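Structure record follows, encoded as structure tokens.
The values are calculated or read from the model by the stated rules, or taken from the named source; none is laboratory data. Note that this is a predicted model, so its numbers are computed, not measured. Cβ coordinates were reconstructed from backbone atoms using ideal geometry, including for glycine residues, and neighbour counts include every protein chain displayed.
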Ligand SMILES: *Cc1c(COP(=O)(O)O)cnc(C)c1O
């Protein structure tokens, strides 16, 4: 038996927590993390190249008001309905911390974004997964055990599933005006239609969250934002605190959100076209991927084969993300959609790997 822990460390609920460690070894064609494979926003890059001394020497704005204004312009909402953060993970973290003092559960659909479980734990909340099939069949199941919050991801990572809007509406209705907070993670909404920003502002306890890490090509800058009712946003801003978005990141993000040259629009359009083309190519090979509303597809593989398949693809300098034993799905690999020559490299590797697999 180990000796009882003494002093403040380790925090008991952190004992099982380990650092985020996906396989990030460099690979020629990296289709593993859903960043924008067309590159970055040229207007954002121009802002950074033109930076002056103040951009580094002085503190940023307290609550990133210029960025809040740019978000308000982009979505037709009010500035006091917008919160921002160092990546959308930070917006989620601020929300988690703004909820009840300690304890409680966060219900989330499963499979979903891999940060939800650790973020819950880091904030002393218990994460409770509900399989998508169950949640879609009966949204009441998301509310069992009286959670503090319900996390939905739409379109969902890693499945690409876009839950029907009427279903989301039903979830919001059950939550009511003073029930659990409903978080709608819209990290991939740029690649879909029928988003919940701006209509989410009609619900006092709902927040829709976006990131500039995917469609906007700014993952390295770390910028995300949330849109919701002014009363909810005011609480999140308290736990966010000042100076969360750097000066350079704020200025570059504003330029990207304004999207004057239409770079986001163009690359998103091409991505959506290539997604259909990739799915058709996979259909032709007899290895179909289910429909996706995001910038990736989830490709089912045989039981136990997710990790070995990703390793085999790596031999061809192609990176993908393995999802072993997912609820509703089984083993699968997630492949980011990029410019067509990259998709050709993936398909060539896939042809060899899957033939090798079936032997
Ligand atoms: C990639 C991703 C994010 C982005 O997180 P950032 O911290 O903004 O980079 C958020 N939610 C989901 C579901 C994602 O897949």
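The residue pairs whose first member lies in the stretch 182-204 and is farther than 18 Å from residue 159 by Cα, whose second member is within 12 Å of the ligand (Cβ to nearest atom) and assigned to a loop (DSSP other than H, G, I, E, B), and whose beta carbons are closer than 8 Å, counting only pairs six or more residues apart or on different chains, are 196/154; 196/186; 197/186. In the set 307, 335, only one residue is surrounded by 19 or more Cβ atoms within 10 Å (Cβ to Cβ) and not assigned by TED's automatic domain parsing to the domain that holds residue 55; that residue is 335.
Being more than 16 Å from the ligand (Cβ to nearest atom), over 24 Å from the mean Cα position of the chain (by Cα) and outside the structural domain of residue 191 (by TED's automatic domain parsing) is true of residue 13. Of all residues in the stretch 279-295, those that are not assigned by TED's automatic domain parsing to the domain that holds residue 186 have Cβ atoms under 7 Å from Cβ atoms of residues that are surrounded by 14 or more Cβ atoms within 10 Å (Cβ to Cβ) and modelled with pLDDT under 95, 6 or more apart or on another chain, in 287/354. Counting residues in the stretch 29-40 that are more than 15 Å from the ligand (Cβ to nearest atom) and surrounded by 15 or more Cβ atoms within 10 Å (Cβ to Cβ) gives one or more. Restricting to the stretch 144-165, name every residue that is surrounded by fewer than 17 Cβ atoms within 10 Å (Cβ to Cβ) and either more than 20 Å from the chain's Cα centre (by Cα) or outside any helix (DSSP H, G or I) (or both). Within the stretch 144-165, 144, 145, 146, 164 qualify. In this structure, does residue 168 turn out to be in the same structural domain as residue 61 (by TED's automatic domain parsing), within 16 Å of the ligand (Cβ to nearest atom), part of a helix (DSSP H, G or I) and over 17 Å from the mean Cα position of the chain (by Cα)? The answer is yes for residue 168. Out of 188, 203, 225, 151, one residue alone is in contact with a strand residue (DSSP E or B) (Cβ under 9 Å, 6 or more places away or on another chain), over 30 Å from residue 270 (Cβ atoms) and within 11 Å of the ligand (Cβ to nearest atom). It is 151.
Please go through the stretch 59-75 and give me each residue that is part of a loop (DSSP other than H, G, I, E, B) and either within 16 Å of the ligand (Cβ to nearest atom) or over 16 Å from residue 233 (Cα atoms) (or both), ordered by number. Within the stretch 59-75, 59, 60, 61, 64 qualify.
Condition check: assigned by TED's automatic domain parsing to the domain that holds residue 190 and part of a loop (DSSP other than H, G, I, E, B). Does residue 225 satisfy that? No: the conditions fail for residue 225. Annotation: of all residues in the stretch 79-100 being more than 18 Å from residue 254 (Cβ to Cβ) and assigned to a loop (DSSP other than H, G, I, E, B), the one that is farthest from the ligand (Cβ to nearest atom) is 100.
Can you tell which of 346, 316 is in a loop (DSSP other than H, G, I, E, B) and surrounded by 13 or more Cβ atoms within 10 Å (Cβ to Cβ)? Spell out the reasoning first.
On the way: 346 fails: in a loop (DSSP other than H, G, I, E, B).
Sole residue among the options that is in a loop (DSSP other than H, G, I, E, B) and surrounded by 13 or more Cβ atoms within 10 Å (Cβ to Cβ): 316.
Against the definition (buried (at least 20 other Cβ atoms within 10 Å of the Cβ) and part of a helix (DSSP H, G or I)), how does residue 323 come out, yes or no? Considered against the rule, which asks whether it is buried (at least 20 other Cβ atoms within 10 Å of the Cβ) and part of a helix (DSSP H, G or I), residue 323 comes out as no.
What's the total number of residues in the stretch 127-143 that are in a helix (DSSP H, G or I) and within 15 Å of the ligand (Cβ to nearest atom)? Give the derivation first.
Let us first name the residues in the stretch 127-143 that are in a helix (DSSP H, G or I), namely 132-137, 139-143.
Narrowing further to those that are within 15 Å of the ligand (Cβ to nearest atom): 132.
Of the residues in the stretch 127-143, 1 are in a helix (DSSP H, G or I) and within 15 Å of the ligand (Cβ to nearest atom).
Among the residues making up the stretch 206-222, those that are touching a strand residue (DSSP E or B) at 6+ places or on another chain (Cβ under 6 Å) and either within 14 Å of the ligand (Cβ to nearest atom) or assigned to a loop (DSSP other than H, G, I, E, B) (or both) are 207, 208, 209, 210, 211.
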